[in-house]
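Visitor: I have a structure I would like to understand better, so I am pasting it below and will then ask my questions one at a time.
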Amino acid sequence: MFSRLVSFISLQSKKYNIDSTHGLPHSLQIYGFARKIYESEVVRFPELQQAEPVITCAALLHDMCDGKYMDKAAGLAEIQQFLCSDTPLQPAEIQAVSDIVSTMSYSWVQKHGYPELAEPYMRAYHVVREADLLCSYDVDRCILFKLDQVERQGATQLNFQEALVNATELFESRMLPLRGRGYYTTEEGNREACRLEIEALQRLLFWAKECRDKRSEPTTKHTDDSSEPMAKQCEPMAKHTDDSSESTTKRSEPMAKHTDDSSEPMAKQWGSADPPTEPPVGQSEPVFGTECSEDDRLDGIA
């Protein structure tokens, strides 16, 4: 079944011109995270094993109905038809996959809260949703998506520095507060998010330094002034990252405890205005802040 899923994703990506940030490479990336979360959660909740095929399909297929590339309803219908004709999934499982992929995006959750699904599919939903969020810490993917957006708009010259500024703003305002705001309900999701936060900040600082170094070279005389605001906007990120192992260790310690209040220290560190909350499984009302002016940007990479 896995090979058939991969083949379907490849064909759909070509059909709808889905770029690598949401195509097969991303599908395989989210599948890897989903497997890690699943293997951790199934030990605590053995009934989740019944939903393993649903988790596999939802993780791999979730962007094959992304409204950025196609009509969402049409894409969802194609997914359902494929699952019905090319996989051994039963009707209830196909419906579960449809429910998960159509309600797991950041913007959907921000506006509507979590859907009400029967177990074990509610836990399967969080496994796939959190795996997709974890992929959003990939700084290079975020930059590439922005560059692809600009190219789709007909730009003849791509500006890496502007894409880096966009990624920096996105991470500082949206990605870093996620744990403190209760978007991760699983232990493995929290652990991975803590690790990826640090890696993302280090990557942002790496690119900021590269751009500053390139700007100082003689060959960069013709570079426009956009690198200056980029450098300034990246500087605040340095407050969150330190090259010393002591600082990194302190930043990772809260997750090592695996306690329910582990997100509080990170929430304070990232300046989250919302107290850490762990949304109950099946929560039907939004449990997050209502400010969502940048939802579409985060949804773009999630």
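Visitor: Using the Karplus curve 6.51 cos²θ - 1.76 cosθ + 1.60 with θ = phi - 60°, what ³J(HN,Hα) values do you get for each residue of region 56-69, in whole Hz, with x for Gly and Pro?
Guide: Residue by residue, region 56-69 yields 4, 5, 5, 5, 6, 9, 4, 9, 7, 9, 6, x, 6, 10 Hz.
Visitor: By per-residue mean of other Cβ atoms within 10 Å, what is the highest-first order of 122-135, 80-93, 16-29?
Guide: Packing proxy ranking, top to bottom: 122-135, 16-29, 80-93.
Visitor: In this model, which of Lys146/Lys214; Lys72/Lys111; Lys14/Lys209; Lys68/Lys209 are farther than 28 Å apart at the alpha-carbon?
Guide: As for pairs spanning more than 28 Å Cα to Cα, those are Lys14/Lys209; Lys68/Lys209.
Visitor: Continuing with this model, one more query. What are the ³J(HN,Hα) couplings of region 39-55, residue after residue, when phi is run through the Karplus curve with 6.51, -1.76, 1.60 and θ = phi - 60°? Round to Hz, x for glycine and proline.
Guide: 5, 6, 6, 5, 5, 7, 10, x, 5, 5, 4, 5, 9, 4, x, 5, 4
Visitor: Let me ask something additional. Lys and Arg at +1, Asp and Glu at -1: add these up for the other residues within a Cβ distance under 14 Å of Ile79 and post the number.
Guide: Result for the local shell: -4.
Visitor: List, in order, the whole-Hz ³J(HN,Hα) value for each residue of region 168-185 obtained from phi through the Karplus relation with A = 6.51, B = -1.76, C = 1.60 and θ = phi - 60°; use x for Gly and Pro.
Guide: Listing the rounded values in order: 4, 4, 5, 5, 5, 8, 10, 5, 5, x, 4, 5, x, 9, x, 6, 10, 9 Hz.
Visitor: Could you give the C-alpha radius of gyration of region 65-125 expressed as a fraction of 2.2 N^0.38 Å, taking N as the number of residues it contains?
Guide: 1.15
Visitor: What's the whole-number percent of alpha carbon pairs in region 2-135 lying beyond 25 angstrom?
Guide: 16
Each value in this text was obtained by applying a stated rule to the coordinates, not by laboratory testing. Predicted, not measured: the structure shown is a model, and the values here were computed from it. Every residue, glycine among them, receives a Cβ derived from its backbone with ideal geometry; neighbour counts consider all protein chains shown.
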